[in-house]
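Peer 1: The structure follows.
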Amino acid sequence: MTVQHNFRKPLLTTTNLTMQFGGLKALNSVDLSINEGQIFGLIGPNGAGKTTFFNMLTGIYRPTSGDVILDNTSIVGKTPAEIANAGTIRTFQTCRLWDNMSILENLLLGTYMREKPGLFQTLFQYTKVKTDFTRKAEEALAVVEKFDPALASDYNRKVSELSLVDRRRVEISRAILARPRLLLLDEPAAGMDPSETRQLMGDITKLQERYPKMSILVIEHDMTVISGMAEQVAILNFGTKIAQGTFDEVKNNPEVIAAYLGGE
Amino acid sequence: MLLQLNSVSTSYGKIKMLDKVCLSVDTGEVVCLLGSNGAGKSTTIKTILGMVKSNNGQILFDGQDIGKMKTYEVIRKGISVAPEGRRLFPRMTVEQNLEIGLAANQEDSAELKDRVYQLFPVLKDRVNQAAGTLSGGEQAMVAISRALMQKPKLLILDEPSFGLAPLLVEAFYNTIIEISRQGTTILLSEQNAGKALEVSDRGYVLQKGAIYASGTKQELMENDLVRKCYLG
Amino acid sequence: MKKKLSLLVMAGFLTASSAAMAADVVKIGFMGPMTGANAAQGMGAKNAFDLAIKLANKSGEYPYTLETVALDDASDPATGANAATKLVSDKEVVAATGHWNSPVARATIPIFHENNTALIVWGAIGVDLTDKYGKMYPEITRVCPKLDAENIYLADFLNEKGYKTFSVIHDNSAYGVDCQTYMDSSLKNFGAEVLSTDAINVGEKDMMPVLTKAVATHPQAVYYGGVVTEAALLKLQMNKIGLKNSLFCGISGIADEKFNEVAGKSAEGTVIVKPGDSSKVAGWDAFVAAYDAENYSEPMGAYGKYSYDAANIILAALKQVGPDRAKVAEAIRNIKYQGLLGEYTFDETGQTTLLDMTIMVSQDGQWVNWEDSLYKSGERKLIGLK
Amino acid sequence: MSLVFLLHLKNSIMLGAQYSLIAIGFTLFFGALNVVVFCQGAFYILASFIAAGLLSLFMGAGSFGPVVFGCIVFAIFFLAMCLTGCVGMLVERSTIRPFRSAPLVMPILSTIAVGIVVEQLLKLFYPQGSNPQVFPEVFPDAGMMLGSLYVSAGELVILGTTIITFTGIYLFLSKTRLGSHIVAISQDFEAAHLMGINVDRAIYTTFFIGASLAAIAGFMNGIYYTVFRYDMGAMAGIKGFSASVVGGLGSVYGAVIGGFLMAFTETFAAAYIPGGSAIRDVFSFGILLLFLILRPSGIIGQNSLEKV
Amino acid sequence: MKKNTSPAAGFIFSSIIYAAVVIFMAVDDLYISLGLIVAFAAGIITAVKTGFWQRALGSINDNTGKMTVLAGIFTLILPLLFLNNPYVIHIFTLACIYCIATLGLNIQVGSAGMVNFAQGAFFGVGAYVSALLDVHFGFPFWITLPAGMAAAGIMGLLMGLPTLKTREYHLSLVTIACAYISFLLVMNFKWTGGPDGIPDISKPVIFGMEIGQKITLGSITIPGVMTYCYMVLAFLALALIAARRLQNSWYGLAWNAIRDDEISSRCYGLSLTRSKLEAFAFGSIFAGAAGALYAHFIGFMSTENMSFQIGLLLVCMVILGGMDNLAGVLVGTLLLIIIPEKLRAFEDYRMLSYGLVLILMLIFRPEGILPSKPRMFNLTGRG
């Protein structure tokens, strides 16, 4: 049994979540519970099923069995768009931005789910659309500025021209602009050097402070990266959750050491 | 030197993927390539195999410049690969998968098949099963067997422990040692540094597309930064 | 700056074109398909038209130079409308003749009417062109026979020969549908029976389903309303599927040597009706000689004589009233003109009263006038008669 | 069964054979490159032109004994097929390979454009190209009775060719090394690369075969319907593509089933629905739309998961 | 964003282009037309080589407001220049009608990345519905036009349905199938006039005045086509405004997003179903409007004008001009309407050249003559 470290209500719960591709059990009966306002780390080596887990939480894959409850409602069978509207937003390991669009366009689209002018305003009251854009653009740039002011000043640049680190920053800003209740970050530090990683993790922690009700689920293969920030971590290996708890608890779990640190 | 990369750089569009990578693998060695996701391990392998063309630098294999060759030519020179994520042909049987491995090799298949069945006896019972229906461990075996069917001088293993249960990982690394002992040079790309260094003679650590550290097994294990970053 | 410059240039162009107006030139328009699938028909007619104008210029009977403005309608109503607009935009054009396709004519007729310019239809045979528009608009006349006339003529002929049961197949073009309508009513008028009616797509190659349906009814004759390609295919596939003993017949849409060429041996004995065989008309040989003398690269085709006569009718009207659009149009309507094919007058719908029709039969790979054929003489027997 | 029904059945089999062959080509191309090659119809009609041209040249050259005649006819068909295959390879090199990593719409558009170009070139530069062309009658005017149904020599040849071609394709893909490479490419393009398969050569082969299959379908069209025209390719291509989608894009068996299903629908709708013959295409496309709404993966298609 | 480029280069550039277009339209001779095309191409190459092209385009981009006014004036003057030559106005009007259709098609092909070959069919639906209501029921143009637009929009939605679960290649096939199906159905039903088409479609009436009727003012006769031309221009202006607003709104952003990356879009709450259906519906409404304008302009509508070839032609226009760039779309449409009309003698080579142009464009300049660019936001106090 996992130990509850606080009494905030759970936002996301998975029960017996299983995904099978042909003969391959990518995920085997995973139970997980994430509370409101929590930073949760999901750790495991490559191929442990972390990304598959995300794909099920966001509706891209339909689980073979098991259930995903977001805020007391099952999201199994819902489309990714519906799940996003319910408050789950993710980033991608390979950084899926809209490559032919500018930084600002990408960021603006992050706010897509919020209230916005409809068809009538678009066609007949275009100034409303303009002011809406301006307002949201200002907000978007304020967010991305926190990561890198250079990005905010060069907002008309195509994202395909950006470096990997900058793309990652744009992607995370875009996710935040969607005001998620549950933010899923898929290896946000991939391709960064240790100092960049540290900075990013610091930024994420600050984010959590700014939006205290938002829960963040971070995938990492390297547990040291999130050691400082995650309140809870769960370890996945070969599709099975092998441990859960605070970083220190998990770190000393013999099974984890055996599996994850390679038997040292 | 069997394989040598002299200051190889690669970029994808405007984004730089590899930055002056120098790397060498000697005959008979097991060399590991370490680094976290996105550090450039896969790009390095793709560049060696000619899937991605390098902008500059030189790639020598067996004394020949393979930097401008097409992938299949590189592979026919004697490099074979068990790719990341296995990449089996899911609707083909195990046997058919192995036979595809012969693409670069015109030799008698029976002998080669015997050799892999000796390494992985389990596969013998699965010969006519579609590869997509195998379990994760079996798929990993097929992937390596398929690469071995090419009788490579250099075997590249890209994340072979991907998604494997700890027990299997252990067994797997034993097999790698066995393959190496039979005389195949191995370049091993791993995220799991501890495990990989255990079986390697030497290693390179990649970070943001550049070689960040290199040395023998001992040197790397003792390197503070490497320990801190990759060994937990 | 540059804007003004461009306006100047523009103004220059306009002055240049209006200067040309002063010259003594009278233009007569020709429209027809000069590109696309029906280009052969259109080019032949254009050449014959051109010949008429050339001869008129040579005759010296006109105090101005006559000029042909030949425009392509590409068998497409929209293109035809463009061409018609171009013609009426040119103030020197006094009258025009046009079109092989009825839909194109339907699109251009209102344009000519609005501009009080005469249009003589030389090749489109849709009934409504005169029955409806000719009646409404005095500008519209036609020198070729209407589609129903051809069908009545054919039905009459076959009835006389003793054909009583028919299968009617038509393509789904305007032409095909009209053929079906008029053939159907004509056959019924003569007491014949239509056993099956079926439509095919233009461009269809697989006639087997419709033919198979026809096989079941054992008709004495299969009538096809459509054009050459599909007709040849039908005839070829008829022989394959067991309709060898039914007559194949049609109207002028099939009247092309291409049919015999494509259908090969299977074509033998096909009966069609087409606009008159003119070889017996007085003055025909002189006309052909004149045409040949001009060394046109395309043969005259079946409709050349109509566009030739249409041109001459316009010229005659021009001679009577001078180059004025409205007057020319009026004069054409009331004309009595001895043309190549006979004396032209127009009834109240603008349709020529000249009836010019011949039965042809395919004999040894050629269309032969019924009167001269081995079938008439009894050496060969028409298919499908008991 | 009445004779009329049998005749309709024969018609649909003859048509289905053509659709299936074209559809197999689509499926092979799609497997190899994940592209839809919209100019399959152009190969189909091009082959008819080449074969008919060569045949009429040869038949005008004089008379031959039946054995020599047969051999030469066969050689001409083979030559026309190979030429079409080469055009297929050329098309791959010039208008499909440049778009291998481009958005999917690019090869769609470029192959549609190639289809137009081939069609127009035939129309404009083949002697009398815009006219209907007669396919020379090379088979004896004989046949046999199957019950009450007469089957001509040409039709028997078509049937035989269909069976031989289907078997040949099956054997090629399952028993030969090159065939298995093509299958491997269709299952995982990158892995095939990594196994040392000369992917470009295998793709050339695929295009050669695909275009040749379209060529065979073109010959069948000529033999059965005797007349063809430059603009008949486009529709045949679209029908073949529809057939491969109905059957399940990527599956050779699916293509065969889809081809016959489309042909049956079309022929019987034309035959038994009043007024159906003029709008027969509406029925076959209707089947396509139904499948896309209800079962987009086709009869034998498997749903593939998107890689994220 | 620097905004100090002078409008001069843009003015000179557009004036030259305008003059060239006007001269080209005025010339009637085939060989002069050909010569002009060659000269024009040479001019463009020189302009690109000397950098004038880039400078001019930059200047136009930076002075959008002034340039729009200039373009507006140019366009309004154009018909007046050809007072004596209604034929040119006729062609220009046709081109403008097609522009409305391609603006709609651009929503699908350019913005949302869905190649739609059925735009010709939607054009036809708009035209037929409007024409049938007019001819059979005598409804005025101002009712039949919206009806035609609505019918086309509904058709667009229906066609969108089978494409929802499918991918690019299926989508193209569906549109091709729909183009053929609608063509065949219209062709084979009696109440659509069948192959005979619908003749005698009336002209629109506004304030008791029939548009398209010639007006005589003293010695000057204004040809009927002139008034129709201005009406079409008014519609084109409306269509442009609507297209621009859609493009620069949440709709446009969403379409671009689903074009670039469907999965990513879905994960940000964009409903593919909704966006695609909207793209189909809006795009076909434009086509429906164009069709209705066409039918009442020519006064005759037949199936030739809704064939698959028309759809193909429209796609060519969008690709040639520049996908997702409204100005580009207009340029592409004008080029592909006016040049073939001038080179009618080469009509037989038209399809061949479309095919070749399409291949060459895709290989060498897939972004079209005027490539699309990211939306430029000018935020105060930034950059």
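The values are calculated or read from the model by the stated rules, or taken from the named source; none is laboratory data. Since the structure is predicted, the reported quantities are computational estimates derived from the model, not experimental observations. As a convention, Cβ positions derive from the backbone with ideal geometry for all residues, glycine included, and neighbour counts pool all protein chains shown. The accessibility values were calculated without ligands, DNA or RNA, using every heavy atom of the protein model including side chains. Shrake-Rupley method; radii C 1.70, N 1.55, O 1.52, S 1.80 Å.
Peer 1: Which one is least open to solvent (accessible area, probe 1.4 Å) among residues in the stretch E:209-239 that are part of a strand (DSSP E or B) and in contact (Cβ under 8 Å) with a residue 40 or more places away in the chain?
Peer 2: Taking the candidates together, the pick is E:222.
Peer 1: Please go through (1) in contact (Cβ under 8 Å) with a residue 24 or more places away in the chain; (2) open to solvent by less than 20 Å² (accessible area, probe 1.4 Å); (3) closer than 22 Å to residue D:197 by Cβ; (4) of a type outside the set (Lys, Arg) for residue B:52 and return the number of the only condition it doesn't satisfy.
Peer 2: Single failed check for residue B:52: (2).
Peer 1: With (1) surrounded by 24 or more Cβ atoms within 10 Å (Cβ to Cβ); (2) outside any helix (DSSP H, G or I) as the list, and residue C:84 as the residue in question, which single condition is left unmet?
Peer 2: Here residue C:84 clears every test but (2).
Peer 1: Hey, another quick one. Give the stretch A:44-74 a look and list any residue that's more than 9 Å from every other protein chain (Cβ to nearest Cβ) and in contact with an Asp or Glu (Cβ under 7 Å, 6 or more places away or on another chain), or say none.
Peer 2: Listed by number, the list holds a single entry, A:74.
Peer 1: On to the next question. Among the residues of the stretch D:265-283, write down those that are farther than 14 Å from residue C:212 by Cβ, in a helix (DSSP H, G or I) and not aliphatic (A, V, I, L, M).
Peer 2: Within the stretch D:265-283, D:265, D:281, D:283 meet the criteria.
Peer 1: Okay, next question. Quick check: is even one residue across the stretch D:96-104 facing chain E (nearest Cβ under 10 Å), assigned to a helix (DSSP H, G or I) and either surrounded by fewer than 22 Cβ atoms within 10 Å (Cβ to Cβ) or aliphatic (A, V, I, L, M) (or both)?
Peer 2: Within the stretch D:96-104, one or more residues are facing chain E (nearest Cβ under 10 Å), assigned to a helix (DSSP H, G or I) and either surrounded by fewer than 22 Cβ atoms within 10 Å (Cβ to Cβ) or aliphatic (A, V, I, L, M) (or both).
Peer 1: Being open to solvent by 10 Å² or more (accessible area, probe 1.4 Å) and among the basic types (Lys, Arg) is the filter; apply it to the stretch C:220-255 and report the residue that is nearest to the other protein chains (Cβ to nearest Cβ).
Peer 2: C:240
Peer 1: If you don't mind, another one. Can you tell me which residues in the stretch D:24-62 are open to solvent by 10 Å² or more (accessible area, probe 1.4 Å), touching a helix residue (DSSP H, G or I) at 6+ places or on another chain (Cβ under 8 Å), outside any helix (DSSP H, G or I) and not β-branched (Val, Ile, Thr)?
Peer 2: Residues satisfying the conditions are D:34, D:38.
Peer 1: Out of all the residues in the stretch B:104-143, which are surrounded by fewer than 22 Cβ atoms within 10 Å (Cβ to Cβ) and touching a residue at least 60 places away in the same chain (Cβ under 8 Å)?
Peer 2: Residue satisfying the conditions is B:119 alone.
Peer 1: Looking at (1) of a type outside the set (Val, Ile, Thr); (2) free of Cβ contacts under 8 Å to residues at least 12 places away in the same chain; (3) open to solvent by 30 Å² or more (accessible area, probe 1.4 Å); (4) at positive phi, can you tell me which one residue C:301 breaks?
Peer 2: That leaves (2) as the condition not met.
Peer 1: Given the conditions (1) more than 20 Å from the chain's Cα centre (by Cα); (2) assigned to a strand (DSSP E or B); (3) among the β-branched types (Val, Ile, Thr), which single one is not true for residue B:122?
Peer 2: The single condition residue B:122 does not satisfy is (2).
Peer 1: In the stretch D:118-133, is there at least one residue being away from chain E (no Cβ under 14 Å), farther than 19 Å from residue E:356 by Cβ and buried (at least 22 other Cβ atoms within 10 Å of the Cβ)?
Peer 2: Checked the stretch D:118-133: at least one residue is away from chain E (no Cβ under 14 Å), farther than 19 Å from residue E:356 by Cβ and buried (at least 22 other Cβ atoms within 10 Å of the Cβ).
For (1) among the aliphatic types (A, V, I, L, M); (2) within 25 Å of residue D:89 (Cβ to Cβ), each residue gets a yes or a no:
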residue	(1), (2)
D:150	no, no
D:156	yes, no
D:168	no, yes
D:203	yes, yes
D:207	no, yes
D:214	yes, yes
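Peer 1: If you don't mind, another one. Quick check on my filter: what residues within the stretch A:21-38 are open to solvent by 10 Å² or more (accessible area, probe 1.4 Å) and part of a strand (DSSP E or B)?
Peer 2: A:21, A:24, A:25, A:26, A:28, A:29, A:31, A:33
Peer 1: Select, from D:84, D:111, the only residue that is part of a helix (DSSP H, G or I), in contact (Cβ under 8 Å) with a residue 24 or more places away in the chain, within 14 Å of chain E (Cβ to nearest Cβ) and polar (S, T, N, Q). Spell out how you get there, then give the answer.
Peer 2: Working: D:84 fails: within 14 Å of chain E (Cβ to nearest Cβ).
Only one candidate passes the filter, namely D:111.
Peer 1: Considering E:327, E:289, which residue is more than 14 Å from chain D (Cβ to nearest Cβ) and more than 24 Å from residue E:172 (Cα to Cα)?
Peer 2: Values: E:289 fails: more than 24 Å from residue E:172 (Cα to Cα).
Checking each option against the conditions leaves just E:327.
Peer 1: Same structure again: Show the residue pairs meeting these rules: Cβ distance below 6 Å; 6+ apart or different chains; first residue within the stretch C:79-95 and within 12 Å of residue C:105 (Cα to Cα); second residue among the small types (Gly, Ala, Ser) and assigned to a helix (DSSP H, G or I).
Peer 2: From residues that are within 12 Å of residue C:105 (Cα to Cα), the pairs are C:80/C:107; C:81/C:107.
Peer 1: Can you tell me which of B:38, B:67, B:28 is of a type outside the set (Ser, Thr, Tyr), part of a loop (DSSP other than H, G, I, E, B) and under 23 Å from residue B:219 (Cβ atoms)?
Peer 2: Working: B:38 fails: under 23 Å from residue B:219 (Cβ atoms); B:67 fails: under 23 Å from residue B:219 (Cβ atoms).
That would be B:28, the only listed residue that is of a type outside the set (Ser, Thr, Tyr), part of a loop (DSSP other than H, G, I, E, B) and under 23 Å from residue B:219 (Cβ atoms).
Peer 1: Do any helices (runs of 4 or more DSSP H) entirely within the stretch E:11-119 hold 1 or more residues that are within 11 Å of chain C (Cβ to nearest Cβ), β-branched (Val, Ile, Thr) and touching a residue at least 24 places away in the same chain (Cβ under 8 Å), and if so, which?
Peer 2: Answer list for the stretch E:11-119: E:86-106.
Peer 1: Assess whether residue B:50 counts as being under 30 Å from residue B:219 (Cβ atoms) and part of a loop (DSSP other than H, G, I, E, B).
Peer 2: No.
Peer 1: Ok, one more. I'd like to verify a number: residues in the stretch E:337-359 that are without any contact (Cβ under 8 Å) to a residue 24 or more places away in the chain and either of a type in the set (Gly, Ala, Ser) or more than 9 Å from every other protein chain (Cβ to nearest Cβ) (or both), how many?
Peer 2: Looking only at that region, the number is 3.
Peer 1: Which ones in the stretch A:131-161 are within 14 Å of chain B (Cβ to nearest Cβ) and either buried (at least 21 other Cβ atoms within 10 Å of the Cβ) or in contact (Cβ under 8 Å) with a residue 60 or more places away in the chain (or both)?
Peer 2: Of everything in the stretch A:131-161, those that are within 14 Å of chain B (Cβ to nearest Cβ) and either buried (at least 21 other Cβ atoms within 10 Å of the Cβ) or in contact (Cβ under 8 Å) with a residue 60 or more places away in the chain (or both) turn out to be A:159, A:160.
Peer 1: Another question, if that's okay. Check whether at least one residue in the stretch B:167-189 is surrounded by 21 or more Cβ atoms within 10 Å (Cβ to Cβ), closer than 30 Å to residue D:301 by Cβ and in the same structural domain as residue B:74 (by TED's automatic domain parsing), and report yes or no.
Peer 2: Looking for residues that are surrounded by 21 or more Cβ atoms within 10 Å (Cβ to Cβ), closer than 30 Å to residue D:301 by Cβ and in the same structural domain as residue B:74 (by TED's automatic domain parsing), one finds none in the stretch B:167-189, hence no.
Peer 1: Identify the residue in the stretch C:279-298 that is buried (at least 16 other Cβ atoms within 10 Å of the Cβ) and in a loop (DSSP other than H, G, I, E, B) and, among all such residues, is nearest to the chain's Cα centre (by Cα).
Peer 2: Residue satisfying both the conditions and the ranking: C:298.
Peer 1: So which of D:167, D:161 is surrounded by fewer than 13 Cβ atoms within 10 Å (Cβ to Cβ) and part of a helix (DSSP H, G or I)?
Peer 2: D:167
Peer 1: Next question. Here's a check for you: in the stretch E:163-185, which residue that is open to solvent by less than 20 Å² (accessible area, probe 1.4 Å), within 22 Å of residue C:177 (Cβ to Cβ) and among the aliphatic types (A, V, I, L, M) is farthest from the other protein chains (Cβ to nearest Cβ)?
Peer 2: E:179
Peer 1: Of everything in the stretch C:258-278, what is closer than 14 Å to residue C:303 by Cα and open to solvent by 20 Å² or more (accessible area, probe 1.4 Å)? Give them in sequence order.
Peer 2: The answer is C:274, C:277.
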